[in-house]
Amino acid sequence: MENRERDTLSMGGWLFADLMLALAMLFFAANTIGTPPAATPTATPTATATAVLTTVPTRTATPTATPTPMATATSTPTPTPAPCQPQVVLKKHELHVAAGPGGADPTAEQLSALFQPFAGSRAGLLLAFGHGVSPATGEALAARVNAALRATLPAMFLADTIMEPFHYLDASTTGEVDFHAYFFSTTCR
């Protein structure tokens, strides 16, 4: 019996080896990329002309007009300069006006003279600093001067111009006003 077991074991080993060999061959056969067969040239029929002689009465040839190609001039477009791309910026100017006569608010004439160099300009933002002995008196002065500027120079200080009143504590210069004026400046980029 011992031989029989040994024969069965050895046969099983060979069978396993053969099975692995068969699977390997199937794997290689399935993954082989073949090249398609070359196309065989086929003959294409060609027409051949055969001359046939016949007698034709003589005629005179009439000329026919053949079109002649005409050269047309194409113009290359000239580059046009880019239009102005407006760039709006606010430019800051620091200004100072003295108090009016007798320490009163600055007059309309003083304010007009102060902002004369900016005639034709439009203010975007105006910060007014009224000089006073207390924050309340300084801010009240600045608010009154802002209102006077809107009335005196309406083309410069429009309804959408931001005007803010602030104070500057200084008892010796009561009635004076400092300005930080920001005017629109439009330039081309």
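Worth pointing out:
- Residue selected from the range 167-189 under the condition hydrophobic (A, V, I, L, M, F, W, C) and crowded, with 16+ Cβ neighbours inside 10 Å, by the criterion nearest to V97 (Cα to Cα): V177
- Listed by first and then second residue, the pairs with beta-carbon distance under 8 Å, at least 6 apart or on different chains, first residue in the range 98-116 and closer than 13 Å to A148 by Cα, second surrounded by 12 or more Cβ atoms within 10 Å (Cβ to Cβ) and among the basic types (K, R), are D105/R144.
- Set S185, S134, S172: member being in contact with a Lys or Arg (Cβ under 8 Å, 6 or more places away or on another chain) and on the phi < 0 side of the Ramachandran plot: S185
- Odd one out for V145, checked against (1) closer than 12 Å to L111 by Cα; (2) surrounded by fewer than 17 Cβ atoms within 10 Å (Cβ to Cβ); (3) over 42 Å from the mean Cα position of the chain (by Cα): (2)
- Verdict on S172 being free of Cβ contacts under 8 Å to residues at least 24 places away in the same chain, more than 30 Å from Q85 (Cβ to Cβ) and not hydrophobic (A, V, I, L, M, F, W, C): yes
- Residue satisfying condition, being out of contact with any Phe, Trp or Tyr (no Cβ under 6 Å at 6 or more places or on another chain) and over 23 Å from T186 (Cα atoms), within set A128, A159, A119, A147: A147
Every read-out reported here was derived from the displayed coordinates using simple, explicitly stated rules and does not represent laboratory data. Keep in mind that this is a model prediction, so the values were computed, not measured. Every residue, glycine among them, receives a Cβ derived from its backbone with ideal geometry; neighbour counts consider all protein chains shown.
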